[in-house]
Amino acid sequence: MGDRKASNWWTFWGVLILVWALFPLLWMVSLSFKDPDTFRSAEPTFFPKTWVWDNYKTVFTDSLFTSAFRNSVGISLIATALAVIVAMFAAYAIARMNFPGKKLLLSMALAIAMFPQAALVGPLFNLWRNLGIYDTWIGLIIPYLTFALPLSIWTMSAFFRQIPWEMEQAAQVDGATAWQAFRKVIVPLAAPGVFTTAILTFFFCWNEFLLAISLTSTDRARTVPAALSFFTGASQFQSPITYIMAASVVVTIPVVILVLIFQRRIMAGLTAGAVKG
Amino acid sequence: MTLTEERVAAPAPRQPEVTDRARHERRLGLTLSAPAFLVMVFVTAYPLIYAVVLSLYNYRLTDPAGRSFVGLRNYVTVLSDPVWWTDFSTTLIITVASVAVELVLGFAFAFVMYRIIRGRSWVRTGILIPYGIVTVVSAYIWRYAFQLDSGFVNQWFGLGDFNFFGERWSSLFVITLSEIWKTTPFISLLLLAGLVQVPEELQEAARVDGATAWQRLKRVTLPNMKAAIMVALLFRTLDAWRIFDNPFIMTAGANKTETLSFLAYRQNVTLVNLGTGSAVSVLLFLTVVVIAFIFVKGFRTDLSQVRGDR
């Protein structure tokens with residue numbers, strides 16, 4: 001009996017947490033549907049007086065935002081793929097081998113995870129201009145890849161450590177070739193860890209702002225977070241608020257979809273890399 | 001850059017003849033980790049050294065010919081300027097306030113997520129949304145909620161025409177609120193991972209011995225979670241310390257809400273004052289080293305678990 005009542009209490013607190021987590025999203029969606037010409041007032045309301053699609057139309061036709069969306073998707077996906085590949089090799093070596101420099105590599109990853117990116121903005125700005133990669137995709141992909149590496153390496157090596165590697169030998173004893181053993185036994189076991197790492201890395205790249213505004217100057221490479229801060233609205237006489245919120249909804253949709261589909265994986269990934277033992 | 005090496009002195013008893021297999025393993029291990037290593041050195045260590053060099057020069061991009069060696073004068077300029085100290089205090093206030101609130105709130109969330117039965121996956125899914133959302137978006141959401149001509153906060157709480165962004169403390173309040181909303185999920189997940197590992201038998205034994213819920217929390221749960229708590233605190237503190245997005249979007253640094261990262265950005269990128277800017281960068285880096293050092297030595301935070309070399 002008491003258990004039942006206690007359980008209801010926990011559910012009640014859970015509902016409060018949900019409200020806390022999702023209420024700001026409701027506000028974002030509500031603002032994005034307000035009429036850009038009339039929403040401002042001395043006594044603003046939470047929900048729109050009239051719901052309009054205008055903001056979304058503007059967002060999808062304004063080249064500032066459409067190019068930023070393309071840049072964000074491209075840069076984040078490429079940086080994620082590269083980070084995961086580079087980290088996969090390192091994580092495999094860390095999980096399975098003894099080699100000199102292993103401790104150094106792990107310490108360095110830790111140091112970079114704590115590194116204040118703002119401290120690199122000046123030198124990178126200067127270096128990238130000298131190398132001719134300022135305001136290009138590659139100019140953002142390189143630092144994103146770097147700053148995503150620590151998280152990728154930890155998360156993946158934590159996953160790799162849990163793989164029963166003996167199964168590879170067992171399969172070989174049973175007559176499989178080395179390649180077959182790897183493909184049929186190891187890849188399916190390692191794939192979830194690699195995939196989870198990719199999601200977390202993607203979130204990091206998708207979110208990054210400081211480097212995005214420091215190392216770009218035009219819509220050639222400017223990502224969505226950077227573009228949002230330059231958004232001025234359909235005309236200079238209008239407040240950009242409702243457009244920014246519509247654009248925010250658009251960039252939040254991929255995040256929500258990933259979270260909804262891969263909730264368990266993301267939870268496992270976040271906790272696997274960070275605290276163990 | 002090595003932060004803790006206490007456990008490095010692994011016993012290396014006899015140095016036996018290195019077998020072919022071991023030699024092969026070493027070479028393969030080095031080869032596999034070389035790309036990660038090189039990328040990290042190229043993008044962080046090298047620019048950091050470059051920043052140290054630049055910080056010793058008077059160097060503006062707008063006047064490249066005027067470049068001259070000035071020794072430590074840039075550091076003197078920065079440290080004797082009240083802007084550095086204002087930004088330092090702003091960063092400190094935001095960090096301490098947000099981390100303190102997040103620790104309590106994150107612990108409460110972790111506890112609910114641990115105990116809840118009905119609706120468990122809903123809560124765990126919902127809490128990941130602030131974690132995944134773009135920080136700039138979070139900053140705009142909260143800014144517009146508090147802004148006079150668009151926000152609902154003043155209406156709901158009967159604050160009339162109080163302008164939250166008109167003065168320092170109320171601005172810092174909103175900035176910290178956005179920071180807390182966005183990052184509490186992360187700390188609560190780390191704490192949940194620690195909570196799960198507290199042996200249930202210990203709780204049971206304490207209960208049998210007649211310990212109250214509060215006593216069990218204080219004497220059993222928290223001590224067993226110490227490692228997880230310290231790691232979560234270290235990560236969040238250093239993450240909060242480099243806060244940039246929220247003040248940039250919400251106040252643009254007005255009313256003394258500029259943070260140290262913001263200062264580094266403004267000096268280097270906006271003003272292209274690379275000499276002074278690099279001095280700010282190096283000083284910012286040093287503050288991070290000091291904080292990490294305090295955690296590792298002062299609070300004995302065991303990072304070997306995080307690093308993965310158990």
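Okay, here's what the table says:
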item: Candidate set from the range A:110-139 (those that are assigned to a helix (DSSP H, G or I) and more than 7 Å from every other protein chain (Cβ to nearest Cβ)); member that is surrounded by the most Cβ atoms within 10 Å (Cβ to Cβ); result: A:G139
item: Pairs, first farther than 14 Å from B:L284 by Cβ in the range B:232-243, second assigned to a helix (DSSP H, G or I), C-beta under 6 Å, six or more apart; result: B:A232/B:I187; B:A232/B:L190; B:A232/B:L191; B:L234/B:F295; B:R236/B:V99; B:R236/B:I187; B:T237/B:V99
item: The lone exception for B:T221 - which of (1) under 24 Å from the mean Cα position of the chain (by Cα); (2) farther than 30 Å from B:F165 by Cβ; (3) among the hydroxyl-bearing types (S, T, Y); (4) assigned to a helix (DSSP H, G or I) it fails; result: (1)
item: Selection from the range A:1-52 of residues that are more than 10 Å from chain B (Cβ to nearest Cβ), among the small types (G, A, S) and crowded, with 20+ Cβ neighbours inside 10 Å; result: A:S32
item: Tally of residues being facing another protein chain (nearest Cβ under 8 Å) and in contact (Cβ under 8 Å) with a residue 40 or more places away in the chain across the range B:132-177; result: 6
item: Some residue of the range B:116-137 being surrounded by fewer than 17 Cβ atoms within 10 Å (Cβ to Cβ) and either closer than 30 Å to B:L283 by Cβ or among the charged types (D, E, K, R) (or both); result: yes
item: Filter result for B:I94 (at the interface with another protein chain (Cβ under 9 Å from one of its Cβ atoms), over 30 Å from B:N58 (Cβ atoms), part of a helix (DSSP H, G or I) and not small (G, A, S)); result: no
item: Condition broken by B:A145, with the remaining ones in (1) modelled with pLDDT of 90 or more; (2) out of contact with any helix residue (DSSP H, G or I) (no Cβ under 8 Å at 6 or more places or on another chain); (3) not polar (S, T, N, Q) satisfied; result: (2)
item: Among the residues listed as B:V282, B:V288, B:V220, B:V306, the single one being modelled with pLDDT under 85 and among the β-branched types (V, I, T); result: B:V306
item: Sole exception among (1) modelled with pLDDT under 90; (2) within 30 Å of B:A65 (Cα to Cα); (3) crowded, with 21+ Cβ neighbours inside 10 Å for B:A228, by number; result: (2)
item: Matching helices (runs of 4 or more DSSP H) fully within the range A:160-211 where at least 3 residues are in contact with a helix residue (DSSP H, G or I) (Cβ under 6 Å, 6 or more places away or on another chain) and within 14 Å of chain B (Cβ to nearest Cβ); result: A:187-207
item: When residues of the range B:242-259 are limited to those that are among the aliphatic types (A, V, I, L, M) and over 18 Å from the mean Cα position of the chain (by Cα), the one farthest from the other protein chains (Cβ to nearest Cβ); result: B:A254
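The values are calculated or read from the model by the stated rules, or taken from the named source; none is laboratory data. As the structure is a prediction and not an experimental result, all values here were calculated from the model. Neighbour counts run over all protein chains shown; Cβ positions are idealised from the backbone, glycine included.
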